[in-house]
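The values are calculated or read from the model by the stated rules, or taken from the named source; none is laboratory data. Only a predicted model underlies this, so the values are computations on that prediction, with no experimental measurement involved. Neighbour counts run over all protein chains shown; Cβ positions are idealised from the backbone, glycine included.
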There are 2 protein chains.
Amino acid sequence: MRRSQLFTKTRKQAPADEVSKNAQLLIRAGFIHKEMAGVYAYLPLGKRVLDNIVQIIREEMNAIGGNEVNLTALQRREPWEASGRWSDEVMDVWFRTKLANGTELGLGATHEEPLTDLMKQFISSYKDLPAYPYQFQTKFRNELRAKSGIMRGREFLMKDLYSFSVNREEHDVFYDRVSDAYDRIWQRLGIGNVTYKTFASGGSFSKYSHEFQTLSDVGEDIIYVHEARKIAINEEVYNDEVLADLGVSRDELIERKAVEVGNIFTLGTKFSDALNLSFVDEQGSTQRVFMGSYGIGPSRLMGLLAEHFSDDRGLVWPENIAPMRVYLVRIGTSDQVVQKADKMYEFLQSKGISVLYDDRNARPGDKFADADLIGLPHRVVVSERLLEQEKIEYTHRASGESLLLTEDALLDKLV
Amino acid sequence: MRRSQLFTKTRKQAPADEVSKNAQLLIRAGFIHKEMAGVYAYLPLGKRVLDNIVQIIREEMNAIGGNEVNLTALQRREPWEASGRWSDEVMDVWFRTKLANGTELGLGATHEEPLTDLMKQFISSYKDLPAYPYQFQTKFRNELRAKSGIMRGREFLMKDLYSFSVNREEHDVFYDRVSDAYDRIWQRLGIGNVTYKTFASGGSFSKYSHEFQTLSDVGEDIIYVHEARKIAINEEVYNDEVLADLGVSRDELIERKAVEVGNIFTLGTKFSDALNLSFVDEQGSTQRVFMGSYGIGPSRLMGLLAEHFSDDRGLVWPENIAPMRVYLVRIGTSDQVVQKADKMYEFLQSKGISVLYDDRNARPGDKFADADLIGLPHRVVVSERLLEQEKIEYTHRASGESLLLTEDALLDKLV
């Protein structure tokens, strides 16, 4: 894409009311726009980053048998009444709205109830199980305070996967498969080394649930990390009983701040009991479906990645998350330079390399500052001086390594 | 995908309360689920169809310089007050909701106001224009009645593109480019021959707007079609003045029912005046930005396509819209047949051909009925009897043509 065709601009200062680093950087670089506290629009570069994160998660969900769906934001009250959650005391983050005829509706904050209700159409026999629907869906949560940029929103994107199994044994196998898929996702996102499977409080059907917590100074959670075993314990269950369960001692654990990027939860028959989701087993007797839920917040992840992969000059996107791979800087406006830069733009794209081409008539310093702020992995410069040497200047954003290369050598770097 | 891994089932009867043919078929085939009137969830096969439609539109929007964004559903009242539309009289389809602190919000029914407000950050000079942001966004409209399945929803997907231009001349050029892009979209969706660019009422800044109307017995609009010139006139402006403008006479026109699948509209400075969106021109004087809006409803299109491409046995998806291309039917459960069918499934997928593999232990009649109802373009049957002949039975869903083929000949059919 040419900068001249991209409508966003960078800005030197973040808005005064924006206190989170992720939103400050992403707003300055033109990736997002703050509509109101906790509610952000995604601009072209931000949309691409979010799409890249979503696609990685999607591939891993499909690989374990997930079926992608898209449920609705508008929700009837009946399934929520059945589960006892149609109540501001229980669900204190509901947004409510009304149909023209006065019927009260909820705005989806989570989807256990409508999905359990929906699955009654498709599940009647053990032959219909297991089932693994998932979605990427905008969630609405009426948070009192929303000061963490896109890391805690009132309107945000969530990947929610649900499992429907014949019994706990089948459930447990899938639960572990999701855990493994999540580990692959953190690896692919470049945060595998700082993300810990963390023991957290369970529910009626399991002693523990598991969170995936990424170490971060802006984390709202406190976890106790066991480096060697690559696990952690959330402070809410950091007690002698849990330490004994896991066979670890306090002196092996380090207290850290962390951000919850995912969670997996054994729901058991909580919702299938409430909404009467049953199946007939091989012996002909009726059983409740055994459920689990598995969340990841792609927009929160994007915020975390912006915090994690950045320096004092701006964002530093990893290769597979970046909106484009190359920031092509044209310095000068002579026919020769313009032709050369245009050709380079076409050439790289013809090799399947995505490029943001700074074809504006702006000062070199401004272009370099934008390249750093936007944070594409590779910067390529075409200028009069370089043309004379028949070279291209290549700079790696993350390491700062800078080289004068021939076209062939540049291509070797990029493919 | 294997049927055994797809959680949806087909059903013989549509729900009694569902009166529209598109929703009846799509629900019976397991593509969608009715959450409430006008609010539908997309199940795995339906999600794929919708994604295919979206991708075609996206490619054509990008080809004319569109920048994809994603605005928010939750909307502040201020921009709507500025334009005079924060009012139930003017916007009678608003859903409203409230923040926890009592602040009233709207649920996006359309996005002119928040986008115009947002663009003030990025537009200050003629150098910043033109700009063409667009999005695929869930819209919420509090319709009193919603009986057309996914063709008129209370929650539905919309592609909305907006243009920001220096003046009417620049606007007009882009307006025509969008019109051409829309024509390419209808062609690619297989409804080019029944979709007419239709003159409809304009606003303060243009005598006409243009709708794209697809002929359909379930259409809610009446249009007057000029076959030879491939244009039409909406009944709302079917009068002598318009006939004279277009140089056509009543006896050349045929009255038809039609569905509005897209529209393009010259907004002029209506919203830039209201929200103070200006730029400094080359002469240094301040001008209002000249705007246009361009909508397409992908979920409505999906409903229309379901109505249009179907027969008494079910859906008949065109090649580029179908959720998968091949419905592979395995008849029999012998090791030999299972092996052969499994191999065929892997083989077709390895050739890049998407397959829905009916690996269930169901009766052949049920499998054939499902193949017809789900409506993938190609049906391939593997059975004991066919194995003996070293043949595969191939059936084309649209034409009913059925052939016994070798594997090589089958591949020739499909690639």
* Structure fact -> Residue hits (segment A:129-156; within 13 Å of chain B (Cβ to nearest Cβ) and outside any strand (DSSP E or B)) are A:LEU129, A:PRO130, A:TYR132, A:ARG141, A:ASN142, A:GLU143, A:LEU144, A:ARG145, A:ALA146, A:ILE150, A:GLY153, A:ARG154
* Candidate set from segment B:101-128 (those that are more than 25 Å from B:ARG288 (Cα to Cα), assigned to a loop (DSSP other than H, G, I, E, B) and within 9 Å of chain A (Cβ to nearest Cβ)); member that is farthest from the chain's Cα centre (by Cα) -> B:ASN101
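I'd like to know if segment A:21-28 contains one or more residues that are in a loop (DSSP other than H, G, I, E, B) and either closer than 23 Å to A:PHE309 by Cα or more than 8 Å from chain B (Cβ to nearest Cβ) (or both). Give the steps one after another, and end with the answer.
At the first step, the residues of segment A:21-28 found to be in a loop (DSSP other than H, G, I, E, B) are none.
So far as segment A:21-28 goes, no, none of its residues is in a loop (DSSP other than H, G, I, E, B) and either closer than 23 Å to A:PHE309 by Cα or more than 8 Å from chain B (Cβ to nearest Cβ) (or both).
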* Just one of the numbered conditions (1) surrounded by 15 or more Cβ atoms within 10 Å (Cβ to Cβ); (2) farther than 19 Å from A:GLY66 by Cα is not true of A:TYR182; which one? -> (2)
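Report, by residue number, each residue of segment A:350-369 that is within 13 Å of A:ARG330 (Cα to Cα) and either touching a strand residue (DSSP E or B) at 6+ places or on another chain (Cβ under 7 Å) or hydrophobic (A, V, I, L, M, F, W, C) (or both).
Filtering segment A:350-369 down to residues within 13 Å of A:ARG330 (Cα to Cα) leaves A:355-368.
Of everything in segment A:350-369, those that are within 13 Å of A:ARG330 (Cα to Cα) and either touching a strand residue (DSSP E or B) at 6+ places or on another chain (Cβ under 7 Å) or hydrophobic (A, V, I, L, M, F, W, C) (or both) turn out to be A:VAL355, A:LEU356, A:TYR357, A:ASP358, A:ASP359, A:ALA362, A:PRO364, A:LYS367, A:PHE368.
Does B:ARG96 satisfy being among the basic types (Lys, Arg), at the interface with another protein chain (Cβ under 8 Å from one of its Cβ atoms) and either touching a Pro at 6+ places or on another chain (Cβ under 7 Å) or buried (at least 22 other Cβ atoms within 10 Å of the Cβ) (or both)? Steps first, please.
Working: among the basic types (Lys, Arg): yes; at the interface with another protein chain (Cβ under 8 Å from one of its Cβ atoms): yes; either touching a Pro at 6+ places or on another chain (Cβ under 7 Å) or buried (at least 22 other Cβ atoms within 10 Å of the Cβ) (or both): no.
Taking the combined requirement at face value, the residue does not satisfy it.
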* Go through segment A:46-91 and give me each residue that's within 13 Å of chain B (Cβ to nearest Cβ), in a loop (DSSP other than H, G, I, E, B) and without any contact (Cβ under 8 Å) to a residue 24 or more places away in the chain. => A:ASP88, A:MET91
* Which is assigned by TED's automatic domain parsing to the domain that holds B:ARG154, under 22 Å from B:PRO298 (Cβ atoms) and touching a residue at least 60 places away in the same chain (Cβ under 8 Å), of B:THR138, B:THR116? -> B:THR138
* **Of the criteria (1) in contact with a His (Cβ under 9 Å, 6 or more places away or on another chain); (2) surrounded by fewer than 24 Cβ atoms within 10 Å (Cβ to Cβ), which one B:MET291 fails** => (2)
* Structure fact -> Scanning segment B:1-34 for residues that are among the β-branched types (Val, Ile, Thr) and closer than 27 Å to B:TYR345 by Cα, the one surrounded by the fewest Cβ atoms within 10 Å (Cβ to Cβ) turns out to be B:THR10
* Asked: Going by the structure shown, is B:LYS159 more than 12 Å from chain A (Cβ to nearest Cβ), in contact (Cβ under 8 Å) with a residue 24 or more places away in the chain and surrounded by fewer than 16 Cβ atoms within 10 Å (Cβ to Cβ)?
  -> no
* So B:LEU275, is it aliphatic (A, V, I, L, M) and over 30 Å from B:MET151 (Cα atoms) -> yes
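For segment B:31-45, which residues satisfy the criterion of being assigned to a loop (DSSP other than H, G, I, E, B) and within 8 Å of another protein chain (Cβ to nearest Cβ)? I'd like the intermediate steps shown before the answer.
Within segment B:31-45, the first condition is being assigned to a loop (DSSP other than H, G, I, E, B), and the residues that meet it are B:31, B:37-38, B:43.
Scanning segment B:31-45 gives a single hit, B:LEU43.
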* Asked: What about A:GLY352, is it buried (at least 19 other Cβ atoms within 10 Å of the Cβ), on the phi > 0 side of the Ramachandran plot and outside the structural domain of A:ARG28 (by TED's automatic domain parsing)?
  -> no
* Restricting attention to strands (runs of 3 or more DSSP E) lying wholly within segment B:237-312, give those where 2 or more residues are among the charged types (D, E, K, R) and more than 30 Å from B:PRO79 (Cα to Cα). => B:254-268
* Among the residues of segment A:327-346, is there at least one that is outside the structural domain of A:ARG360 (by TED's automatic domain parsing) and among the basic types (Lys, Arg)? -> no
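Residue-by-condition table, conditions (1) exposed (fewer than 15 other Cβ atoms within 10 Å of the Cβ); (2) β-branched (Val, Ile, Thr):
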{"position": "A:VAL237", "(1), (2)": "no, yes"}
{"position": "A:PHE265", "(1), (2)": "no, no"}
{"position": "A:THR269", "(1), (2)": "no, yes"}
{"position": "A:PHE279", "(1), (2)": "no, no"}
{"position": "A:GLN283", "(1), (2)": "yes, no"}
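Here is a yes/no grid of residues against (1) crowded, with 18+ Cβ neighbours inside 10 Å; (2) within 21 Å of B:TRP317 (Cβ to Cβ):
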| position | (1), (2) |
| --- | --- |
| B:LYS340 | yes, no |
| B:ALA362 | no, no |
| B:VAL380 | yes, yes |
| B:GLU388 | no, no |
* To do: Please state which of the following conditions A:THR195 fails to meet, knowing it meets all the rest: (1) touching a Leu at 6+ places or on another chain (Cβ under 7 Å); (2) among the polar types (S, T, N, Q); (3) over 29 Å from A:VAL90 (Cβ atoms).
  => (1)
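Which is surrounded by 21 or more Cβ atoms within 10 Å (Cβ to Cβ), on the phi > 0 side of the Ramachandran plot and of a type in the set (Gly, Ala, Ser), of A:GLY149, A:GLY153, A:GLY190? Break it down stepwise before answering.
On the way: A:GLY153 fails: on the phi > 0 side of the Ramachandran plot; A:GLY190 fails: surrounded by 21 or more Cβ atoms within 10 Å (Cβ to Cβ).
Within the list A:GLY149, A:GLY153, A:GLY190, the selection yields A:GLY149.
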* Asked: Do any helices (runs of 4 or more DSSP H) lying entirely in segment B:361-415 carry at least 1 residues that are at pLDDT below 95, and which ones are they?
  -> B:384-388, B:407-414
